[in-house]
Structure formats: C-alpha cells, structure tokens
Amino acid sequence: MASGTLYTYPGNFRANKALIAAQYSGFNINVASGFVFGETNKSESFLKKFPLGKVPAFESQDGQYIAESNAIAYFVANQQLRGNSDVEKAHILQWMSFADGEILPLSCTIVFPVLGIIQYNKQAVDHAKQELNAILSVVNNHLLTRTFLVGEKITLADIVLACNLLHLYENICDETNRKPFQNLNRWFVTCINQPQFKAVLGDFKMCQKECQVDPKKFAEFQRTFNMDDFKRFYSNNEEAKSIPYFWDKFDKENYSIWFGEYKYSDELTKVFMSANLIGGMYQRLDKMRKQCFASMCLFGTDNDSTISGVWVWRGQDLAFQLSPDWQIDYETYDWKKLDPDSEETKALVAQYFSWTGNDKNGRPFNQGKIFK
C-alpha cells in the first residue's frame with residue numbers, strides 16, 4: 001500500500017481534502033506528529049523540502065515532495081476520484097479550480113472576520129456575500145438533476161468543494177441563509193455523511209445561527225503588533241527610530257515577512273516605466289493596505305535595473321492567494337519567506353525600509369515606493 005507523511009495542523013480544511021481522498025483510495029497517510037505551525041514549517045529541514053514553508057505539505061514514502069492541497073489530494077486519490085474519461089477529468093479540474101478561485105476567496109472575506117483572523121470591513125463582507133450568493137446559485141442549479149458534481153459517484157470535485165464550504169456551513173450558513181440553496185444543501189449533507197468524510201470530519205454540526213463579528217477576537221489575535229501604529233510611526237520618524245520600533249513591536253506568530261523579486265528584469269527599460277510597474281501593482285492591491293506594509297525598491301539605471309522589495313502582512317502564507325483580485329501581479333515575482341530571527345533578514349529589512357544599498361548584483365538604489 002502506498003504511503004506518505006502529511007504535514008499540517010489540526011483542523012486544517014485544506015489538509016482534509018487529502019485525508020478524505022485517502023479514505024476512498026486506501027492510501028496510507030501518516031499525519032506528522034509534533035508539527036507546530038510557525039515553527040516546524042520554518043525549520044531548515046522543512047524548507048529544504050518545501051521552500052515556501054506552506055502547509056499542508058506531503059512527503060511520499062519514496063521521497064517525493066508535494067505542496068498545494070489540491071495536488072496532494074490528487075496524488076493520494078484513486079481513478080474514481082480523478083475521473084475515468086478525459087471529459088470527466090477536465091470537469092473535475094474545472095470544479096476544483098472553481099472551488100479555490102471563486103468560492104474560497106469570498107468565503108475567507110466573510111468568515112475570517114468572524115474568526116478574528118482579519119479585521120471586519122462591512123463593505124467588503126457585504127459585497128462578498130452578494131457575490132457568493134450568485135456563485136452558489138450556479139452550483140445549486142447545476143445540482144438540480146445531479147447527486148454529485150461530476151458523474152454518478154463522489155470525485156475530487158466534491159471533496160474539494162465540500163472542504164472549501166466547511167467554514168461557511170459551520171459559521172455563516174444558518175437555516176435562513178441555506179434556504180435558497182436546497183440542492184446545494186442536499187449535496188453537502190450527502191457528502192459529509194459519507195463514511196469516508198465522517199472518518200476525517202467526525203459529526204459535522206451545521207450552523208444554527210449566523211456567527212457575528214466579535215471585535216475582541218481580532219484584538220486578541222492582533223496581540224502586540226499594530227500595523228496602523230507602525231505605519232504612522234514609520235511615516236513620522238527617521239529610519240533610525242522606525243526600524244528598531246518595527247522589530248520591537250513585530251509579532252512573528254501572527255505576521256510574516258517576505259522578499260519579492262521581479263522575474264523579468266531583463267525586460268525593464270526606462271526607469272520611470274519600471275517605477276510605474278510598482279505603482280500599478282500597489283493600486284491593484286489596494287484592499288490589502290489595511291493589513292500589509294511593503295517597501296519596493298528600484299535599483300540601477302535605464303536598461304539596467306531590477307525591482308525587489310520587502311513585504312509584511314498578517315498570516316504565514318502568501319496573502320495574494322486569498323483573492324483573485326490580488327493575483328494579477330504576484331506571479332511576476334519570485335517570493336521568499338524570510339526568517340524574522342535571522343541577522344540576514346534584519347539587514348535586508350533595514351536596507352529596504354531605509355532605501356539604501358545595492359541589489360544583489362551591485363546596482364545602486366534608484367528610487368523606492370512604500371505600500372501602506
């Protein structure tokens with residue numbers, strides 16, 4: 001029997017995809033014992049296998065390393081879950097992409113404020129609810145004459161979508177909110193009551209009353225690092241004060257630091273055009289400003305320049321993946337998560353926050369832009 005180790009923390013809905021798929025296929029998954037999120041996935045040994053430090057992550061018995069939850073679920077699945085014909089396989093991939101690209105970002109916008117993970121923004125939540133209702137109506141109509149999303153049996157399409165809906169059905173979708181989606185509800189209940197689902201999820205309890213935002217949860221989660229406070233301090237003080245202030249207040253448990261480097265520096269021409277790339281990216285990421293700070297720097301001169309920067313945001317994963325609206329630019333950059341305890345990171349933060357020094361190839365600092 002094939003086997004492997006899954007690195008994750010308890011209750012990770014993304015990891016549930018692979019765990020449920022393994023229940024169907026018989027794949028033997030060992031969940032790594034002693035895994036501590038924020039520590040294990042930052043260790044040198046882990047990052048050698050999984051450079052982004054993201055979880056879930058999977059290591060097969062024969063030494064193959066796989067990241068991204070859908071890829072792991074696909075690896076441990078059997079033919080039934082993956083689809084029998086080319087058309088079935090395509091439709092399954094379609095629904096998996098739909099679940100991650102259309103539903104999950106909206107779900108996070110709605111549910112995360114309730115869980116205290118991000119700050120509540122009424123306009124953003126109301127807009128997300130409106131969009132989500134329209135998208136769930138599409139799924140509801142699709143299921144009018146179908147038991148499952150693709151074919152006559154459960155596939156990865158059902159597993160991925162059901163896992164992405166767990167937080168909604170647990171925290172938001174009470175009886176009133178569920179009422180317009182009878183076909184979707186029937187399908188969801190059918191899925192979570194399958195023995196293979198129950199082996200992972202246990203007895204799932206549907207939301208009885210929509211959970212409301214509790215500002216205290218966010219304040220508790222925020223701990224010592226107040227992003228707005230740091231931004232004000234940075235704007236009103238010299239770097240000699242603001243950089244030590246950053247390290248004094250930084251909360252490495254709930255925030256992370258990333259280095260982004262533009263991939264296509266050989267295509268950069270005029271300096272002002274390169275600077276416009278940074279400004280355009282900032283405009284498209286406007287909704288991230290509340291919980292993000294960045295200093296992007298342009299090094300070099302016309303026809304010989306590079307773009308790179310240091311970013312700080314809430315959470316331990318790449319924030320851009322939470323919303324399709326944020327994904328326009330990030331794939332044109334190479335991203336590396338930085339160790340906040342290393343002297344190398346401290347030196348890099350000092351350089352980029354103070355707009356000094358050279359890039360890795362010796363090009364001098366030209367100009368910078370702050371995202372705050």
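The values are calculated or read from the model by the stated rules, or taken from the named source; none is laboratory data. If you're wondering where the values come from, they're calculated on a predicted model, not measured in any experiment. Neighbour counts run over all protein chains shown; Cβ positions are idealised from the backbone, glycine included.
Every condition in (1) touching a strand residue (DSSP E or B) at 6+ places or on another chain (Cβ under 9 Å); (2) free of Cβ contacts under 8 Å to residues at least 40 places away in the same chain holds for Ala275 except the one numbered (2). Within region 130-149, residues that are in the same structural domain as Leu161 (by TED's automatic domain parsing) and at negative phi reach partners that are crowded, with 16+ Cβ neighbours inside 10 Å and acidic (Asp, Glu) with beta carbons closer than 7 Å, at six or more positions or on different chains, in the pairs Ile135/Glu102; Phe148/Asp158; Leu149/Asp158. Here Ala2 meets the list (1) of a type in the set (Gly, Ala, Ser); (2) surrounded by 18 or more Cβ atoms within 10 Å (Cβ to Cβ); (3) farther than 23 Å from Asp317 by Cα almost entirely, failing just condition (2). Would you check if Leu348 is among the hydrophobic types (A, V, I, L, M, F, W, C), surrounded by fewer than 19 Cβ atoms within 10 Å (Cβ to Cβ) and either farther than 21 Å from Phe246 by Cβ or not assigned by TED's automatic domain parsing to the domain that holds Ser43 (or both)? In short, yes.
Among the residues of region 144-169, the ones that are surrounded by fewer than 20 Cβ atoms within 10 Å (Cβ to Cβ), of a type in the set (S, T, N, Q) and in a helix (DSSP H, G or I) come to 1 in all. Given the condition in a helix (DSSP H, G or I), among the hydroxyl-bearing types (Ser, Thr, Tyr) and under 30 Å from Lys122 (Cβ atoms), answer yes or no: does some residue in region 80-101 qualify? Yes: one or more hits. Just checking, does region 211-234 include any residue being outside the structural domain of Thr155 (by TED's automatic domain parsing) and either at pLDDT 95 or above or within 30 Å of Gly26 (Cβ to Cβ) (or both)? Among the residues of region 211-234, not one is outside the structural domain of Thr155 (by TED's automatic domain parsing) and either at pLDDT 95 or above or within 30 Å of Gly26 (Cβ to Cβ) (or both), which makes the answer no. Within region 110-145, how many residues turn out to be of a type outside the set (D, E, K, R) and farther than 19 Å from Gln212 by Cβ? Result for region 110-145: 12. Selection of region 278-292 for residues being touching a residue at least 40 places away in the same chain (Cβ under 8 Å), under 16 Å from Tyr330 (Cα atoms) and surrounded by fewer than 17 Cβ atoms within 10 Å (Cβ to Cβ) yields Gly279, Gly280, Arg284, Lys287, Arg289. Every condition in (1) modelled with pLDDT of 95 or more; (2) not assigned by TED's automatic domain parsing to the domain that holds Cys191 holds for Gln61 except the one numbered (1).
For region 173-216, which positions are of a type in the set (Asp, Glu) and in a loop (DSSP other than H, G, I, E, B)? Of everything in region 173-216, those that are of a type in the set (Asp, Glu) and in a loop (DSSP other than H, G, I, E, B) turn out to be Asp174, Asp203, Glu210, Asp214.
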